[in-house]
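Student: Following this message is one structure expressed as structure tokens.
The values are calculated or read from the model by the stated rules, or taken from the named source; none is laboratory data. These numbers were taken from a predicted model, which means no experiment stands behind them. Virtual Cβ from ideal backbone geometry, glycine too; neighbours counted across all protein chains shown.
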């Protein structure tokens, strides 16, 4: 299976409960950024540039747990920055799992192998290691020779210790489909449990033109990538991949993956920052969701990033699509 059955049970229960209560807008995944500190300065990263004045700050453990309790989502993505630099990271993971949540832990992998002893394998816990290409491409993007080898060695070490490991790949303007195929083949041989792939988003803070800023560029690359589900353990939603391949139309669900970081609750979404709110309730009540969901904001014009559109698929899924998703998960 592409995902643990417990994750499906948790998500279905969350969706059904909100529908029963008549809740129109609710999140699916909490994006928790306890720190923006990082040991890399990747060319396509907007976080270290957007929050350059507050990189030394981090959330307290209690602030992290409060955010988890406020959002109530069945899934928590722990990200950053590099979350392995967070001072209370082992405690955060332990407390999050104790609350019955599923964790996707996003890391660049450079500190992973030496940190494995701090954590225990669990079907509710998945390492999510970033790879943006084969070794020369990845190392050029992260600006660290040897970074690819170190991250891949950590992936293998984590698998040997019994952890679930997925990977995450951002497709940039200069990304070669052939290079991505070679990368995915290498990751498959390494035994990863899943591969996430999505187009990048053009952060205003990133000066270098590395992003796919034209939807036609995105569609051209993903027409081929979207057909790789049988060759590689791709866990990006197949209906979402149809969207980025130009075969399906979707509107954004900007509240689907809310972000909490040291500045507060980021509004309106994981990718765009207009303000930060101190509580989740204020984020939901004071953000003009209709404006962003409609695509009226010019900053949203070329965005096809998964955190906005995969929640739309989950919210709007009919019986036919649901059955297709069940088969897709089982047939991995």
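Student: I want to confirm something. Restricting to the range 114-148 and keeping residues that are touching a strand residue (DSSP E or B) at 6+ places or on another chain (Cβ under 7 Å) and outside any loop (DSSP other than H, G, I, E, B), which single residue is farthest from residue 185 (Cα to Cα)?
Tutor: Residue satisfying both the conditions and the ranking: 125.
Student: Something else now. Just the residues that are in contact (Cβ under 8 Å) with a residue 40 or more places away in the chain and either under 23 Å from residue 192 (Cβ atoms) or in a loop (DSSP other than H, G, I, E, B) (or both), please, taken from the range 73-86.
Tutor: Across the range 73-86, the qualifying residues are 73, 74, 75, 76, 77, 78, 79, 80, 81, 82, 83, 86.
Student: Quick one: in the range 131-151, of everything that is out of contact with any helix residue (DSSP H, G or I) (no Cβ under 6 Å at 6 or more places or on another chain) and either surrounded by fewer than 20 Cβ atoms within 10 Å (Cβ to Cβ) or at pLDDT 95 or above (or both), which residue is nearest to residue 165 (Cα to Cα)?
Tutor: Top of the filtered list is 151.
Student: Continuing with this model, one more query. In the range 300-311, which residue that is in a helix (DSSP H, G or I) and touching a helix residue (DSSP H, G or I) at 6+ places or on another chain (Cβ under 9 Å) is nearest to residue 66 (Cα to Cα)?
Tutor: Across the range 300-311, the extreme among qualifying residues is 308.
Student: Which residues, counting only those in the range 9-31, are touching a residue at least 40 places away in the same chain (Cβ under 8 Å) and surrounded by fewer than 16 Cβ atoms within 10 Å (Cβ to Cβ)?
Tutor: Across the range 9-31, the qualifying residues are 13, 25.
Student: Filter the range 34-72 for residues that are touching a strand residue (DSSP E or B) at 6+ places or on another chain (Cβ under 8 Å), more than 15 Å from residue 91 (Cα to Cα), modelled with pLDDT of 80 or more and part of a loop (DSSP other than H, G, I, E, B) and give the result.
Tutor: Within the range 34-72, 36, 37, 57 qualify.
Student: Same structure, new question: Can you say whether residue 166 is in contact (Cβ under 8 Å) with a residue 60 or more places away in the chain and outside any helix (DSSP H, G or I), as far as the supplied structure shows?
Tutor: In short, yes.
Student: Further question on the same structure: Conditions: (1) farther than 27 Å from residue 188 by Cβ; (2) in contact with a helix residue (DSSP H, G or I) (Cβ under 6 Å, 6 or more places away or on another chain). Residue 288 meets all but one. Number of the miss?
Tutor: (2)
Student: Quick check: anything in the range 152-163 touching a residue at least 24 places away in the same chain (Cβ under 8 Å), surrounded by 20 or more Cβ atoms within 10 Å (Cβ to Cβ), outside any helix (DSSP H, G or I) and in contact with a strand residue (DSSP E or B) (Cβ under 7 Å, 6 or more places away or on another chain)?
Tutor: yes
Student: I've got another one for you. Given the criteria surrounded by 23 or more Cβ atoms within 10 Å (Cβ to Cβ) and part of a loop (DSSP other than H, G, I, E, B), does residue 100 qualify?
Tutor: no
Student: Can you tell me how many residues in the range 235-254 are buried (at least 16 other Cβ atoms within 10 Å of the Cβ), in contact with a helix residue (DSSP H, G or I) (Cβ under 6 Å, 6 or more places away or on another chain) and either in a loop (DSSP other than H, G, I, E, B) or modelled with pLDDT of 95 or more (or both)?
Tutor: Residues in the range 235-254 being buried (at least 16 other Cβ atoms within 10 Å of the Cβ), in contact with a helix residue (DSSP H, G or I) (Cβ under 6 Å, 6 or more places away or on another chain) and either in a loop (DSSP other than H, G, I, E, B) or modelled with pLDDT of 95 or more (or both): 7 in total.
Student: With the checklist (1) at pLDDT 90 or above; (2) in a helix (DSSP H, G or I) in hand, flag the one item residue 275 doesn't pass.
Tutor: (2)
Student: Testing residue 66 on (1) closer than 12 Å to residue 260 by Cβ; (2) under 20 Å from the mean Cα position of the chain (by Cα), one condition comes back false. Which one is that?
Tutor: (2)
Student: Name the pairs: first residue in the range 278-295 and under 13 Å from residue 70 (Cβ atoms), second residue assigned to a helix (DSSP H, G or I), Cβ to Cβ under 6 Å, at least 6 apart or on different chains?
Tutor: Matching pairs, first to second residue: 280/70; 280/71.
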